[in-house]
Amino acid sequence: MTTESNIHRDSRLAKLKTLQEQGYNPYPYRFQPNALAADLQQKYKDLEAGADTEDRVVIAGRALAVRNNGMFIDIKDQSGKIQAFCHKNHLPETDVERLKCLDVGDLVGVAGYVRRTPRGELSVAAEKFDIIGKSLQPLPEKFHGLTDVEARYRQRYVDFIMNDDSREIFKKRCCITSAIRRWFEEHHFLEVETPILHSIMGGANAKPFVTHHNALDMDLYLRVAPELYLKRLVVGGFDRVFEIGRNFRNEGIDKNHNPEFTALEAYQAYADYNDMADLFADMIPYVAEKVLGTKIIKIGDEEVDLSKGFSRKSIVDLVKEYAGIDLLAADDLPTAKAMAKSAGVNADDCSCWGKVVQAVFDEKVEPNLIQPTLVMDMPRDVSPLAKTHRENPRLVEHFDAYIGGMEIGCAYSELSNPLEQKERFDAQVAEREAGDDEAQMLDEDFITALENGLPPTGGMGMGIDRLAILLTGATTIRDVIAFPTLRKKD
């Protein structure tokens, strides 16, 4: 804390002491406002300058500006701002004394009548004034707000107080989650919850976080995905299930990645990845319209009409289009690496053909996918949970969904053959033993579940934080997460 901050805090502590010595509690148990600023602004929008009403209201919020020794206070509540007019002729003497202890940032309650000042400002003329939350920390400078980016994320509560844009982004993000839930419920999906602590890491290729359970004396993994448990539920006869919850991946942090993030996964029996493609095309514009009132969004200078759905292109065709190489023509790994090199991509560290395809795609194709695109038919050796493609055994029925050059989700025709799934897991275990710490582990109970019979199933997953980036116009995932993961403050 800076010397200047200490001086401000000492002043506020002195005012707190004064209030307490007066027998006043500036931290009451409850307070009951009966009006919101935005509702009052709307109701009295036609009230003429200088006019008084006989309408009494009680408002509460944070004092963002204090002028003329407390005569005028700008109060901000959850809906917006309104002015309180606190004239000593209208207040009890004790309340006038209380005003002397008011600081910007304090939470206040005001009871009085509605009026519009001669200068045209809608106000509540105070007949009762209370401090209902004495702030001991000064807010950032009024006109500049909390501009230090690191401080904004580290003290997010202050960011939300000062920055209306941050509040609006977060409110929209909450509405996005609500609209997603509504869409799935309207389509007869059952919302479920599955474990976050896993004894076996699976459901996605990712590096997990590890914790320890003392009573059982065993290490557990924070889940990287709920997929294997959700498919167990489909085996159990729940034909349409979805889950919205936190996943945890021990990965780098950048504008699209946070170690803990909110994901949606959904599974539908008797469906395949084509049905999931239709789901994406219907659900995302539905959410956009519910949250934004439109299905058209702006990404940079480009307009994206979500109502037009997704184009569907295979990953190898996209690589051919943007990198000029046909990796399906590569019969072995050295040939694939050589072809990647000819396109300007270093694939020397890739351990299989599919990873070469993915490396070239990531570098040459992904940034170009601004319009909604489903990247279809992924390589079999990098997608261990999807059904082998019905026309090409080197591929699987798996697509990734892209908007704005960013992957927002994926979907599979889920692998239901337990014997083939065991082979895929064994290949993943071999990758893991060879040093790939993101490869999946063998989950024998999941194999047993499949041996009980999984119907033909389509499954999908989507990052809610990434969809929120697109629909709010945010530039980084940190803006759409209330409390993003940050480096420990030195």
- Query: Given that compact globular proteins tend to follow 2.2 N^0.38 Å, what is the ratio of the alpha-carbon Rg of segment 1-108 to that value?
  - Reply: 1.20
- Message: Show me, for segment 225-242, the HN-Hα J-couplings you get by feeding each phi into the Karplus relation (A = 6.51, B = -1.76, C = 1.60, θ = phi - 60°), rounded to Hz, glycine and proline as x.
- Response: 6, x, 3, 5, 6, 5, 5, 4, 5, 5, 4, x, x, 8, 6, 9, 10, 8
- Note on the structure: Over segment 248-370, with neighbouring protein chains present, the accessible area per residue in Å² at probe 1.4 Å is 47
- The long-range amide H neighbours of residue 79, using H built 1.01 Å from N in the peptide plane and a cut-off of under 5 Å, are 37, 38
- Inter-centroid distance (Cα atoms) of segment 74-145 relative to segment 1-68, Å: 4
- Query: Label-point separation (nm) for residue 394 and residue 127, each offset 7 Å from Cα along Cα-to-Cβ?
  - Reply: 8.3
- Query: Which of the peptides 466-472, 52-58, 94-100 is most tightly packed, and how do the rest follow, judged by the mean count of other Cβ atoms within 10 Å per residue?
  - Reply: 466-472, 94-100, 52-58
- Task: Could you tell me which GluC sites (Glu not before Pro) in segment 355-449 are loop residues by DSSP with no more than 12 other beta carbons within 10 angstrom of their beta carbon?
- Result: 391
- Task: Let me know the Rg and Dmax you get for the chain when you use only its Cα atoms, in Å.
- Result: 28.7, 90
- Query: Extension gain residue 307-residue 17, at 0.36 nm per residue separation less the Cα-Cα distance, in nm?
  - Reply: 98.4 nm
- Query: Quick one, what does Rg over Rh come out to for segment 186-261 if you take C-alpha atoms and the Kirkwood Rh?
  - Reply: 1.03
- Task: Within segment 220-258, find all residues whose amide N lies under 18 Å from a label point positioned 7 Å from the Cα of residue 213 along Cα-to-beta-carbon.
- Result: 220-230, 248
- Can you give the charge dipole size of the chain about its Cα centre, rounded to the nearest 20 debye, using +1 on the beta carbon of Lys and Arg and -1 on the beta carbon of Asp and Glu? 2260
- Task: Mind pulling the per residue volume of the convex hull built on the Cα atoms of segment 59-125? Å³ is fine.
- Result: 83
- Item | Kirkwood hydrodynamic radius over Cα pairs of segment 356-422, then Stokes diffusion coefficient at 4 °C and 1.567 mPa s, in µm²/s | 104
- Query: What shape does segment 255-385 have by the C-alpha gyration tensor, where a ≥ b ≥ c are the square roots of the eigenvalues, rounded means a/c under 1.5, and otherwise prolate means a/b greater than b/c and oblate the rest?
  - Reply: prolate
- Item | Spatial extent of segment 424-490: Rg and Dmax, with the Cα atoms as the point set, Å | 18.9, 54
- Item | 5 angstrom amide H check on residue 207, placed H, neighbours 5+ away | 250
- Query: What whole number of Å gives the distance from the Cα centroid of segment 153-212 to the Cα centroid of segment 425-490?
  - Reply: 13
- Task: Compute the Kirkwood hydrodynamic radius of segment 294-451, taking the inverse of the mean of 1/r over all pairs of distinct Cα atoms, and give it in Å to one decimal.
- Result: 16.9
- By a straight-distance test (C-alpha under 14 Å), which aspartates and glutamates pair with residue 134 as possible cross-link partners, with residues fewer than eight away in the same chain excluded? 10, 103, 106
- Using alpha-carbon coordinates, inclination of helix 273-292 to the longest axis of the chain, degrees: 10
- Message: Order 337, 17 by their accessible area, 1.4 angstrom probe, all chains in place, largest first.
- Response: 17, 337
- Message: Here is the link list: 172/387; 320/355; 76/128; 171/255; 295/387. Which ones come out longer than 25 Å on Cα distance?
- Response: 172/387; 295/387
- Message: Through the Karplus equation 6.51 cos²θ - 1.76 cosθ + 1.60, θ set to phi - 60°, convert the phi angles of segment 444-456 into ³J(HN,Hα) values in whole Hz; use x for Gly and Pro.
- Response: 5, 5, 5, 4, 4, 4, 4, 5, 7, x, 9, x, x
- Surface accessible to a 1.4 Å probe, residue 254 within the full protein complex, Å²: 80
- Order 317, 103, 349, most accessible first, counting only protein heavy atoms with a 1.4 angstrom probe. 349, 317, 103
- Task: Run the accessible area of the chain with a 1.4 Å probe and give the carbon-and-sulfur part as a rounded percent.
- Result: 48
- Note on the structure: Treating every alpha carbon of segment 285-337 as one equal point scatterer without solvent, the Debye formula yields log10 I(q)/I(0) values at q = 0.17, 0.28, 0.30 Å⁻¹ of -0.68, -1.04, -1.09
- Calculated P(r) of segment 196-335 - Cα pairs past 24 Å, %: 57
- Query: DSSP beta bridges in the chain, what fraction antiparallel, as a percent rounded to 5?
  - Reply: 90
- Message: Along its three principal axes, how long is segment 133-210 when you only count alpha carbons? Whole Å, largest extent first please.
- Response: 48, 37, 26
- Note on the structure: Taking a straight Cα-to-Cα line shorter than 13 Å from residue 364, and setting aside same-chain aspartates and glutamates fewer than 8 residues away, one finds 317, 321
- Message: Leaving ligands and nucleic acids out of the surface, order 310, 280 by accessible area at 1.4 Å, largest first.
- Response: 310, 280
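The values are calculated or read from the model by the stated rules, or taken from the named source; none is laboratory data. A quick note: this is a predicted structure, and the numbers were derived from the prediction, not measured. Every residue, glycine as well, gets a Cβ built from its backbone with ideal geometry; the counts of neighbours run over all protein chains shown. For the accessible areas, the whole protein counts, side chains as well, though only heavy atoms, and no ligand, DNA or RNA atoms are used. Shrake-Rupley method; radii C 1.70, N 1.55, O 1.52, S 1.80 Å.
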